[in-house]
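Below you'll find the structure, written out as structure tokens, and then a few comments.
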Amino acid sequence: MNFISTHARRLPALLLLLIGLLLVLGACSNQHKSAAIADQDRPLITIMAPLHFPNQPDRKLVSDIEELTETRLQIEWVPDEIYSDKMTMSLATNSLKKATFVKHTDFLSLKSAIRAGEFWEIGPYLKDFDNLKHLDMNILDQTTVNGKLYGLYTERPSSRQGIILRKDWLDRLGLGVPQNLEELYEVMRRFTYDDPDGNGQDDTFGLADRNDLIYGSFKTLSSYFGTPNNWKIENNKLIPEFETQPYRETMNFMRRLYTEKLVNQDFAVTSKQLQRNMIISGKAGIYIGSMTDAQRLSEEAKSVHPDAELIIVNRIAGPEGYRVWSIPNYNGLYLFSKRAIKTEEELLAILAFFDRTMDKDISNLMRYGYEGRHYELRDNGVILPERAAQLRVNEVNPLRPLMIADLRNPNVLPIQEGEQLMELAEQLSQDNEKFIVKDPTVNLESATSDEKGAVLYKIITDATYNYILGQLDEEGFQKEVEKWRRQGGEQIINELTEAYYRNSAATEPSPR
């Protein structure tokens, strides 16, 4: 009897506990439902962006950006090597994201689609946003189509091009830092044949190159030889770079490197990642391209060969002294698809997202990551400790392509102390400004180029590779140039020449 009464007394207490637990679970469920509903109320922003690093950015960073911007983000990160092809395919299949990054080198091929009404014009809206209204008008003007603005630009210096090479190999062979093209060739030759790594084996070569005539070695070497940047004015007419003597001399130089096996023999089909691996593994000693690649190359090379030491050179004298090609000050643009964005209200929400990312809290989160984990603060400036370098590469740096106009954004904290090679690369990029070679056709328009430019350009790239590989002689290359002219190149020349002089006349000061 006592046993039964004891449990009978406990029963109401258990019921109360159970009821309390159900109430708590119900409240939590309602909270989750409310949070889910609130989350669905946030605008969904789909983005396609290039991935320049092995890993996608840290998910927590992206989640924090979502919270701060009160958005839902779906970002498709596409490896940089295949990005242009993926973007072109997405355009052809009407599957572009709401915001799609377009490299400045691919922007030309999209102008026809822009004129056909595939993308939103955003110029009239920029004045309504606190940050976007302060974008640099000189850079915006470089991106106009028929005088209208369609994209938000990511920023970069005029030229980061230079040479990265193994200083420890130079030292072992008793070589100085190359100062001109002849010395650069000699370093490549010695790196190939004189056992620069000291292992007694014939297992190295001078230059690691890739299947890219622009951002690989060719265009930078070409500017050293004196080639104009895409076009030059001659006899009151625009002439394409590949019809100039310095371009031919560059082809001959590359052909010599290929014939003497001073460059990887498969360079015409080598990806950027494989090119990087040749430097990291110690197979090659010279990398020509963006000088900002040096820091990461150095860190990864040291993980394989602790004695590896890289240096950067930006001044190589050619027949006309110091020269280096440049791009417009935008690296690319975010364009906004009308097929993916149905209403003006939706467009404004996406522009508001990009505007918000330029505020101090988000711009520094995207640029530097978390204080204490990725960087330190000192005197309102950023310290980038070497110990966190790999964390920044793996977690933070992949976010860079999302940053709008970050170089001139006053909300981004300055770097007080950074990685040594990265700081040097930025300094030398500024030095490049003293002798950059600009493209005289920037912001000029040619309907034929918009329509046929990509197909015509392939004629020249194929011919250039085939000449370097010894599959074409000078006469054969010239025949391909004539083919380019016949199939639309001549018309492009005429249209750009007319636009150049029309633009020059429009910008001349009026006589007093």
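Laboratory data are not the source of any read-out in this text; all were calculated from the coordinates shown. Nothing here was measured: the structure is a model prediction, and the numbers come from that model. Reconstructed Cβ throughout: ideal geometry from the backbone, glycine too, with neighbour counts over all protein chains shown.
Of note:
- Put a plus charge on the Cβ of each Lys and Arg, a minus charge on the Cβ of each Asp and Glu, and nothing anywhere else: the dipole of segment 444-512 about its Cα centre is then about 160 debye.
- In a reduced charge model with +1 at each Lys and Arg Cβ and -1 at each Asp and Glu Cβ, segment 189-266 shows a dipole moment near 420 debye about its Cα centre.
- Gyration tensor analysis over the Cα atoms of segment 82-209 returns equivalent ellipsoid semi-axes of 47, 19, 12 Å (largest first, whole Å).
- For Phe129, Phe225, order by how many other beta-carbon atoms lie within 10 Å, fewest first: Phe129, Phe225
- Built from the Cα atoms of segment 280-328, the convex hull projects on average onto 4.4 nm², one quarter of its surface area.
- Ordering Val78, Val269 from the fewest to the most neighbouring beta carbons within 10 Å gives Val269, Val78.
- For the chain, a Kirkwood hydrodynamic radius built from all Cα pairs, placed in the Stokes-Einstein relation at 20 °C and 1.002 mPa s, yields a translational diffusion coefficient of 83 µm²/s.
- At least 30 Å along the helix axis (C-alpha) and Kyte average at least 0.0, DSSP helices within the chain: 2-41
- Judged by the mean number of other Cβ atoms found within 10 Å, the most tightly packed of the peptides 203-213, 235-245 leads the ranking 203-213, 235-245.
- Dipole moment magnitude, nearest 20 debye, the chain about Cα centre, only Lys, Arg, Asp, Glu C-beta charged: 1300
- Orientation-averaged projection of segment 444-512 equals 5.7 nm² [convex hull of Cα atoms, one quarter of hull surface area].
- Unsatisfied cross-links (Cα-Cα over 29 Å) in the set Lys338/Lys483; Lys261/Lys479; Lys148/Lys483; Lys98/Lys483: Lys338/Lys483; Lys148/Lys483; Lys98/Lys483
- Dimensions in Å of segment 374-419 - Rg and Dmax from alpha carbons: 11.1, 28
- Dipole of the chain [Lys/Arg +1, Asp/Glu -1 at C-beta], most positive-end residue of Met188, Leu444, Asn94: Asn94
- Neighbour-count ranking [beta-carbon atoms within 10 angstrom, fewest first] of Arg160, Arg72: Arg72, Arg160
- Divide the volume of the convex hull around the Cα atoms of segment 332-445 by the residue count and you get 153 Å³ per residue.
- Distance from the Cα centroid of segment 99-122 to that of segment 137-168 is 16 Å (rounded to whole angstrom).
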